[in-house]
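The values are calculated or read from the model by the stated rules, or taken from the named source; none is laboratory data. Small disclaimer: the values here were computed from a predicted structure and weren't measured. Ideal geometry is used to build each Cβ from the backbone, glycine not excepted, and the neighbour counts take in all protein chains shown.
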Amino acid sequence: MEIYLPIAEMSVNVWLMAGLGVVVGFLSGLFGVGGGFLMAPVLVALGIPPSIAVASQAGHVLATSTSSVMSYGREASVDYRMGGVMAVGGIAGAIAGVEVFRLLRLLGQADLMVAVLYLLLLGTIGGMMLNESLRALLRARDGLPAERPKVKRPGWLYALPYKMRFPVSGLYISVIPPIAIGFVVGLLAALMGVGGGFLIVPAMIYLLRMKASAVVGTSLFQIVITTLVTMILQAVRNHTVDAVLAFILLIGGVIGGQLGIRAATRFRAEQMRVVLAIIILMAGLQMGFTLFVPPEDPFILAPTNG
């Protein structure tokens, strides 16, 4: 069944879009990330302009993240105070990012910037994660103990002013680092349409040294607030949110997100990290291909005007 997207100015198969929402939502719930980094490249491969794909799939990120936060909240695995502080920076970053996005659209460079950011950022992060995960699996196969991460928190983290206590995360630190992390994630949310879980989760673990039990739920809580603000700003300032597409993806995301959370307990952490790393790397490369593959390429579905 075909449905017309008024902002994207093309028709798509509604069941294909809903199924895509379910699949990406499942992966989001499984790995504890927003899923935007995967949704946007697939939408672009289906012929939707990158700028519209980035803005419209924010609704899917919002749906899957909200659904997951509710589940983690029931397990007391969300540090709402830490998430709120990060969201302050996230909102500021989203406002700045939306304005940068608007200027890039006026210059006709928005789609190019989206593709470059995906290629560079996801390609780098995915490659690093894959290398680390494979090393861990090889050590386990050879019967060697896992590499023990440094548990000592950096001294500068405690030298900064404006300290606040975060009991759920087991921290008493300055609010400056969480706000800074939130700002970067908010900026990326506006420019790339991603929730930022692939970036914020490592930052919480390796930089802030949060308790592992609170990392995923807190990350998703911050993503909910930042993504909501970003989607509203994109719709008002840049008019790039296709409400029809966003709604279809949202419905599928809610269903898939809950299925992913239930499936997460059936896999080993090392295996999940390898799969996530491969997915991130492939998503970055897929979006990067749009820099070199012309729109009329037969492997890319051309948009059909209304």
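Mind telling me which of the residues Gly288, Gly284, Gly260 ends up being modelled with pLDDT of 75 or more and either touching a Leu at 6+ places or on another chain (Cβ under 6 Å) or not basic (Lys, Arg) (or both)? Full working, then the answer.
Working: Gly288 fails: modelled with pLDDT of 75 or more; Gly284 fails: modelled with pLDDT of 75 or more.
Among Gly288, Gly284, Gly260, only Gly260 is modelled with pLDDT of 75 or more and either touching a Leu at 6+ places or on another chain (Cβ under 6 Å) or not basic (Lys, Arg) (or both).
I'm trying to understand the selection: among the residues of segment 229-263, which are among the hydrophobic types (A, V, I, L, M, F, W, C), farther than 17 Å from Pro6 by Cβ and out of contact with any helix residue (DSSP H, G or I) (no Cβ under 6 Å at 6 or more places or on another chain)? Spell out the reasoning first.
Of all residues in segment 229-263, those among the hydrophobic types (A, V, I, L, M, F, W, C) come to 229, 231-233, 235-236, 241, 243-251, 254-255, 259, 261, 263.
If we keep only those that are farther than 17 Å from Pro6 by Cβ too, we end up with 229, 232-233, 251, 254-255, 259, 261, 263.
Once the filter is applied, which keeps residues that are among the hydrophobic types (A, V, I, L, M, F, W, C), farther than 17 Å from Pro6 by Cβ and out of contact with any helix residue (DSSP H, G or I) (no Cβ under 6 Å at 6 or more places or on another chain), segment 229-263 yields Ile232, Ile251.
Would you pick out the residues in segment 61-90 that are part of a loop (DSSP other than H, G, I, E, B) and on the phi < 0 side of the Ramachandran plot?
Passing the criteria: Glu75, Ser77, Val78, Asp79.
Looking at this structure, is Ser213 of a type in the set (Gly, Ala, Ser), modelled with pLDDT under 80 and part of a helix (DSSP H, G or I)? Please lay out each step first, then the result.
Details: of a type in the set (Gly, Ala, Ser): yes; modelled with pLDDT under 80: yes; part of a helix (DSSP H, G or I): yes.
Yes; evaluated as a whole, the condition is true for this residue.
Does Gly93 satisfy being assigned to a helix (DSSP H, G or I), out of contact with any Pro (no Cβ under 9 Å at 6 or more places or on another chain) and more than 21 Å from Gly252 (Cα to Cα)? Let's see the steps before the verdict.
On the way: assigned to a helix (DSSP H, G or I): yes; out of contact with any Pro (no Cβ under 9 Å at 6 or more places or on another chain): yes; more than 21 Å from Gly252 (Cα to Cα): yes.
Judged against the criteria, Gly93 is a match.
Looking at Ser28, Ser51, which is the one that is in contact with a Lys or Arg (Cβ under 7 Å, 6 or more places away or on another chain), over 30 Å from Tyr172 (Cβ atoms) and at pLDDT below 75? Outline the logic, then answer.
Values: Ser28 fails: in contact with a Lys or Arg (Cβ under 7 Å, 6 or more places away or on another chain).
After applying the criteria, what remains is Ser51.
Check whether at least one residue in segment 127-148 is at pLDDT below 70, charged (D, E, K, R) and surrounded by 11 or more Cβ atoms within 10 Å (Cβ to Cβ), and report yes or no.
No - not one qualifying residue is present in segment 127-148.
Run down Val61, Val44, Val85 and say which single residue is of a type in the set (Val, Ile, Thr) and more than 30 Å from Phe166 (Cα to Cα). Before you say what the answer is, go through the steps one by one.
Working: Val61 fails: more than 30 Å from Phe166 (Cα to Cα); Val85 fails: more than 30 Å from Phe166 (Cα to Cα).
Result: Val44 is the single residue among Val61, Val44, Val85 that is of a type in the set (Val, Ile, Thr) and more than 30 Å from Phe166 (Cα to Cα).
In contact with a strand residue (DSSP E or B) (Cβ under 9 Å, 6 or more places away or on another chain) and not in a helix (DSSP H, G or I), is that true of Ile3? Spell out the reasoning first.
On the way: in contact with a strand residue (DSSP E or B) (Cβ under 9 Å, 6 or more places away or on another chain): yes; not in a helix (DSSP H, G or I): yes.
Criteria met by Ile3.
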